[in-house]
Amino acid sequence: MGSERMEMRKRQMSVQQESAAGGTAPAQQGQPGQANPRGSNACCFCWCCCCSCSWNEDRDDRNRKASYDVKEGTADCEECPKPTLEEVRSWGQSFDKLMCCPAGRNSFRQFLRTEFSEENMLFWLACEEFSKETNKSVIEEKARVIYEDYISILSPKEVSLDSRVREAINRNMLEPTSHTFDDAQLQIYTLMQRDSYPRYMNSPAYKNLLNTLSEQSPES
């Protein structure tokens, strides 16, 4: 694989040199007013392999950093007391009970982080807070932030929504209300319930927490 990359690099450098030589010579010898068909493109034989490389790399680095910040949990979790054994046991009864408990949301969110899907919980929490807002100007501003953070295809934290919900949001963003993201929030909630929740219940994270609290319980 290393030799193939080296060979490709040599070919690229050779083509770049030929392009540069072919682009500059006519410019020196050509007649006044005659356009140089290759002069404007002398620096690159392939746009994505030359002129735009540094820009693309910078953009990719920015996206990776933004994604890393989210996935590694730089955002603070909710403040809440340590869960009791009864609470942790109740999380296994239903996803609703897990999501109704701040400690349950924190534990589940940490698990989602390991699966690189923490943005689902972040989006759901943002929608919960957004739905309680009543000030029109604040609603418009928060709607824009949520859209850019979780709905935009350019965001590294984009959540997975079907086309119907996405189109509805785009229409609602013309005049956003506190219900603009209701359908999207429900869809992400359902996704977490059906996809991530069963894996969480079978994960070492949940089982270890349950065992630790069981050992600390007076009943044991």
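How much FRET efficiency would the formula 1/(1 + (r/R0)^6) give for PHE116 and ASP96, where r is the Cβ-Cβ distance and R0 is 35 Å, rounded to 0.05?
About 0.90, to the nearest 0.05.
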In what sequence, largest accessible area first, do ARG105, ARG171 appear using a 1.4 Å probe?
-> ARG171, ARG105
How do SER90, SER196, SER137 rank by accessible surface area computed with a 1.4 Å probe, from largest to smallest?
-> SER137, SER90, SER196
Roughly how many debye, to the nearest 20, is the charge dipole of the stretch 85-216 about its Cα centre, given +1 on each Lys and Arg Cβ, -1 on each Asp and Glu Cβ, and no other charges?
-> 280
Roll a 1.4 angstrom probe over the protein heavy atoms and tell me the percent of accessible area of the stretch 85-216 that is carbon or sulfur.
-> 51
Rank these residues by their accessible area, most exposed first, probe 1.4 Å: LYS157, LYS142.
-> LYS142, LYS157
For MET99, what accessible area in Å² do you get when you roll a 1.4 Å probe over the heavy atoms of the protein chains, rounding to the nearest 10?
-> 10
With every protein chain present, what is the per residue accessible area of the stretch 85-216 (1.4 Å probe, Å²)?
-> 53
Over the heavy atoms of PHE111, what accessible area does a 1.4 Å probe trace out, to the nearest 10 Å²?
-> 20
Measure of exposure for TYR147: accessible area at 1.4 Å probe, Å² rounded to 10, is 60
Efficiency of FRET from Cβ geometry, GLU78 and ILE153, R₀ 22 Å, rounded to 0.05 = 0.15
Loop-only check: which GluC sites (Glu not before Pro) in the stretch 154-220 are DSSP coil with at most 10 other Cβ within 10 angstrom?
-> GLU219
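The values are calculated or read from the model by the stated rules, or taken from the named source; none is laboratory data. Just so we're clear, the structure is a prediction, and the values are computed from it rather than from any experiment. Every residue, glycine among them, receives a Cβ derived from its backbone with ideal geometry; neighbour counts consider all protein chains shown. Please note that ligands, DNA and RNA were not included when accessible areas were found on the heavy atoms of the full protein model with its side chains. Shrake-Rupley method; radii C 1.70, N 1.55, O 1.52, S 1.80 Å.
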